[in-house]
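Peer 1: The structure under discussion is supplied below as structure tokens; questions concerning it will follow.
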Amino acid sequence: MDISPELVTEVERQVLAARAAARTLRTTTGEKRAAALDAIAKAILAAKDEILAANEADLAAAKQRGTRGALLDRLLLDEARLKAIADGVWEVAGLPDPLGRFEEETERPNGLRVARMRIPLGVIAMIYEARPNVTVDAAALCIRSGNAVVLRGGSEAIESNRALAKAIGAGLYQVGLPRSAVTLLAETDRDAILALLRLTGLVDLAIPRGGEGLIRFVVENARVPVIQHFKGVCHVYVDAAADLEKARAIVLNSKTQRPGVCNAAETLLVHEEIAEAFLPGMADALMEAGVELRCDDRALEILGGPDSPDKVTVAEKEDWDAEFLDLVLAVRVVPDLDTALDHIDAHGSFHTEAIVTEDEEAQGRWLSEVDASCVIVNASTRFNDGGELGLGVEMGISTTKMHAYGPMGLQELTARKFVVLGEGQIRG
């Protein structure tokens, strides 16, 4: 695909400035990087009125385009969310500095000391849709880990992102760090993404965060390394040995607490031994919360067959692979744990998989046999989140195993180089 030379030149200019800032950041102390985050959090709160007014403009434009439901919720900022964003920045500031630590230090027979030391990756390209909080989360994590970041948010959040980027720049300037350490691309058309993804040698890693279409576009067009996460088809399996009250709460939370996010449950698997005792009450609770159930034959039979409620329908083949991102849940009754594992192997997306059971052997098999970035026992799928897992915030969730698997925090934004300390040794 041809891109205008003027656009290529402009994107390259912004990335070169970010690369110069990355050189500054990697030699900056952890204390100064933490101070920068403190200044950024304060600047965001100080600019509250400006940021919320910008967000109102984005919301109004989105509503005019017919955006609704979960997509509109992702775009929304209010005072509480803005405070939570600032709190997330402060939490990252308080995390240990990931850089400069010696790890796995050993001494060789010849007296050489060999260790691995954590270093920044360099320039991160963050390409995302709709969620203005990602602008701040990405900036905080990159600065704390010594990386510069080039942000290319979606056009639907452009006014919000510009206001947030302005506050971030003010915080950086206040502590004497270059504003170009966090660069929001001015260009909003898709060609700007292509130009960014072709800058081999200047961009060290691209992280797309958004719908499957965006992520596939990035993967298919990138000439730089990409962290992949196509979708979250997350399962909750209720085992024969489950505490049913515990299971009801976990399933309801996994599906309804925030249905439009990637760690929400999309499929419920239920062991046949407890299906008749569990499913009717579970279905009532889900339907009361507005959830539509798409069931296999056995689940449909338990829930009333032809006389089942309107919100209970027959599952189509494609429903088992669907990321609904809405109040829709696929439901299947399975004969045993092995069938549940086979189902996840066939339809899972390597994201989040949860089991509810009091059986320790089933728990152990789940942890060892399920291939996913986060495997959960007796808790909601919604806990696969950087903040909930102690990372502060996250750049996104990787479902590949390139160098990060799961939520990406500070450690995942670093590499390790070998360090060799000698006393004059030479190789014979």
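Peer 1: Just by accessible area at a 1.4 angstrom probe, what is the order of R298, R13, R131 from largest to smallest?
Peer 2: So, going from the largest accessible area down, we get R13, R298, R131.
Peer 1: Nothing charged except the Cβ atoms of Lys and Arg (+1) and of Asp and Glu (-1): what's the magnitude of the dipole of the chain about its Cα centre? Round to the nearest 20 debye.
Peer 2: Value, rounded to 20: 2900 debye.
Peer 1: Tell me the accessible surface of K63 in square angstrom (1.4 angstrom probe, heavy atoms of protein chains only), to the nearest ten.
Peer 2: For K63, the solvent-accessible surface is approximately 120 Å².
Peer 1: Hey, another quick one. Quote to one decimal, in nm, the extra length available between Q411 and E276 on full extension: 0.36 nm per residue of separation minus the C-alpha distance between them.
Peer 2: The Q411-E276 span can extend by a further 44.1 nm.
Peer 1: Give me the percent of accessible area attributable to carbon and sulfur for the chain, probe 1.4 angstrom.
Peer 2: Exposed carbon and sulfur together represent 49 percent of the surface.
Peer 1: Region 131-188 to region 249-265: how many Å between their Cα centroids?
Peer 2: Centre-to-centre distance over Cα atoms comes out at 29 Å.
Peer 1: Compute, for region 1-148, the length of the dipole vector about the Cα centre, with Cβ point charges of +1 (Lys, Arg) and -1 (Asp, Glu) only. Units Debye, rounded to 20.
Peer 2: Dipole size: approximately 360 debye.
Peer 1: Helix 79-93 against the longest principal axis of the chain: what's the angle in degrees, Cα atoms only, rounded to the nearest 10?
Peer 2: 60 degrees
Peer 1: Projecting each Cα onto the charge dipole of the chain (Lys/Arg +1, Asp/Glu -1 at the beta carbon, about the Cα centre), which of L82, L164, Y405 comes out farthest on the positive side?
Peer 2: Positive-most Cα among the choices belongs to L164.
Peer 1: Which of A206, A18, L279 sits farthest toward the positive end of the charge dipole of the chain, with +1 on the Cβ of Lys and Arg and -1 on the Cβ of Asp and Glu?
Peer 2: Positive-end residue among those listed: A18.
Peer 1: Any chance you could look up the accessible area of Y405 with a 1.4 Å probe, heavy atoms only, rounded to 10 Å²?
Peer 2: 70 Å²
Peer 1: Okay, moving on. Any idea what angle helix 133-144 forms with the longest principal axis of the chain, computed on alpha-carbon atoms, 0 to 90 degrees, nearest 10?
Peer 2: Once rounded, one gets 50 degrees.
Peer 1: Taking the convex hull of the Cα atoms, report for region 11-76 its projected area averaged over all directions, in nm².
Peer 2: With the hull built on Cα positions only, its mean projection is 6.9 nm².
Peer 1: What nm distance separates the two modelled labels at E369 and E12, each placed 7 Å from Cα along Cα→Cβ?
Peer 2: Rounded to a tenth, the inter-label distance reads 5.4 nm.
Peer 1: Between region 306-343 and region 6-20, how many Å separate their Cα centres?
Peer 2: 48 Å
Peer 1: In square nanometres and to one decimal, what's the mean projected area of the convex hull around the Cα atoms of region 236-282?
Peer 2: For region 236-282, the mean projected area of the Cα convex hull comes to 3.1 nm².
Peer 1: Going by a ≥ b ≥ c, the root eigenvalues of the Cα gyration tensor, does region 200-353 fall in the rounded group (a/c under 1.5), the prolate group (a/b larger than b/c) or the oblate group?
Peer 2: Verdict is prolate for region 200-353.
Peer 1: From the gyration tensor of the Cα coordinates in region 245-332, what semi-axes in whole Å does the equivalent ellipsoid have, largest first, with each one equal to sqrt(5λ)?
Peer 2: Taking √(5λ) for each Cα gyration eigenvalue gives 18, 15, 12 Å.
Peer 1: Considering only protein heavy atoms, what per residue accessible area in square angstrom results for region 208-297 with a 1.4 angstrom probe?
Peer 2: Per-residue value: 36 Å².
Peer 1: Something else about it: Using +1 at the C-beta of Lys and Arg and -1 at the C-beta of Asp and Glu, which of A322, I302, V238 has the Cα lying farthest in the positive direction of the dipole of region 226-382?
Peer 2: A322
Peer 1: With the contact rule set at Cα under 8 Å and sequence spacing of 6 or more, what percent relative contact order holds for region 356-428?
Peer 2: This gives 20 percent for region 356-428.
Peer 1: In whole Å, what are the Cα extents of region 1-110 along the three principal axes, biggest one first?
Peer 2: The principal-axis extents, from largest down, are 71, 43, 26 Å.
Peer 1: Scan (1) 46, 26, 19; (2) 35, 23, 21; (3) 41, 28, 19 for the value of semi-axes √(5λ) of the Cα gyration tensor in Å calculated from this model and give just the label.
Peer 2: Among (1) 46, 26, 19; (2) 35, 23, 21; (3) 41, 28, 19, the one derived from this structure is (3).
Peer 1: Run the dipole for region 292-388 about the Cα centre, Lys and Arg Cβ at +1, Asp and Glu Cβ at -1, nothing else charged, and hand back the magnitude in debye, nearest 20.
Peer 2: In total the dipole reaches around 200 debye.
Peer 1: Below 8 Å, C-alpha to C-alpha, sequence gap of six or more: please give me the relative contact order for the chain in percent.
Peer 2: Normalised by residue count, the contact order of the chain is 18 percent.
Peer 1: Only Cα pairs within less than 10 Å get springs; with that Gaussian network setup on the chain, which residue of G213, G154, G30 has the largest fluctuation?
Peer 2: G213
Peer 1: Hey, another quick one. Separation of region 409-428 and region 28-53 by C-alpha centroid, Å?
Peer 2: So the two Cα centres are separated by 33 Å.
Peer 1: If you take the square roots of the eigenvalues of the alpha-carbon gyration tensor of region 93-245 and sort them as a ≥ b ≥ c, do you get rounded (a/c under 1.5), prolate (a/b over b/c) or oblate?
Peer 2: Because a/c hits 1.5 or more and a/b fails to exceed b/c, region 93-245 counts as oblate.
Peer 1: Over region 141-265, calculate the relative contact order: mean separation of alpha carbon pairs under 8 Å at least 6 apart, over the residue count, as a percent.
Peer 2: Rounded, it is 17 percent for region 141-265.
The values are calculated or read from the model by the stated rules, or taken from the named source; none is laboratory data. Keep in mind it's a predicted model, so treat the numbers as computed, not measured. Glycine also receives a Cβ, built like all others from the backbone with ideal geometry; neighbour counts cover every protein chain displayed. The area values use the complete protein model at the heavy-atom level, side chains included, leaving out ligands, DNA and RNA. Shrake-Rupley method; radii C 1.70, N 1.55, O 1.52, S 1.80 Å.
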